[in-house]
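The values are calculated or read from the model by the stated rules, or taken from the named source; none is laboratory data. All of these numbers come straight from a predicted model, not from anything done at the bench. Here the Cβ is made from the backbone with ideal geometry for all residues, glycine too, and neighbour counts use every protein chain on show.
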Amino acid sequence: MHPNNFNKLLATHLWPEDIQDWIYSLPPLGVAFAFYIIYIISSDIEPKGLYIAYGATAGFIGLESYWIVRGLFNNHASTIIMGVIGIIIALCGLGFYMSII
């Protein structure tokens with residue numbers, strides 16, 4: 001990354017529209033996850049809970065990865081940081097779930 005691009009990345013801030021766009025990107029993920037749950041529950045795959053947890057984590061990480069790339073293209077460091085934090089939270093949640101089952 002060119003030093004000038006790095007300074008530009010750090011100089012930008014998060015706009016309220018970015019937060020609104022992020023919130024509006026969640027319903028399609030929820031719909032896809034609902035179909036995934038229906039598929040897992042109706043199949044003979046075991047353990048179902050583990051596959052649902054993996055699917056939820058993978059879907060959320062995919063969404064957060066999109067936001068990281070969007071932040072890179074728009075030079076929004078805060079969007080990138082939120083995406084990385086979201087991935088860390090998703091992986092920690094999966095790790096916690098796996099530790100209690």
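Can you confirm whether segment 78-101 contains a residue that is in contact with an Asp or Glu (Cβ under 7 Å, 6 or more places away or on another chain) and modelled with pLDDT under 90? Yes, that holds for at least one residue.
If you go through segment 24-41 and keep only what is closer than 16 Å to Y54 by Cβ and of a type outside the set (A, V, I, L, M), you end up with F33, F35, Y36, Y39.
Give the number of residues within segment 45-62 that are farther than 19 Å from V31 by Cα and either in a helix (DSSP H, G or I) or of a type in the set (S, T, N, Q) (or both). Count: 1. Among all positions in segment 20-32, there is at least one residue which is surrounded by 13 or more Cβ atoms within 10 Å (Cβ to Cβ), out of contact with any Gly (no Cβ under 8 Å at 6 or more places or on another chain), at pLDDT below 90 and not in a helix (DSSP H, G or I). Checking S65 against (1) out of contact with any Phe, Trp or Tyr (no Cβ under 8 Å at 6 or more places or on another chain); (2) under 13 Å from S25 (Cβ atoms); (3) crowded, with 17+ Cβ neighbours inside 10 Å, which test does it fail? Here S65 meets the rest and fails (3). The single condition among (1) aliphatic (A, V, I, L, M); (2) at pLDDT 90 or above; (3) touching a Ser or Thr at 6+ places or on another chain (Cβ under 9 Å) that L72 does not satisfy is (2).
F60 meets all of the listed conditions (1) at pLDDT 90 or above; (2) in contact with an Asp or Glu (Cβ under 7 Å, 6 or more places away or on another chain) but one, namely (2).
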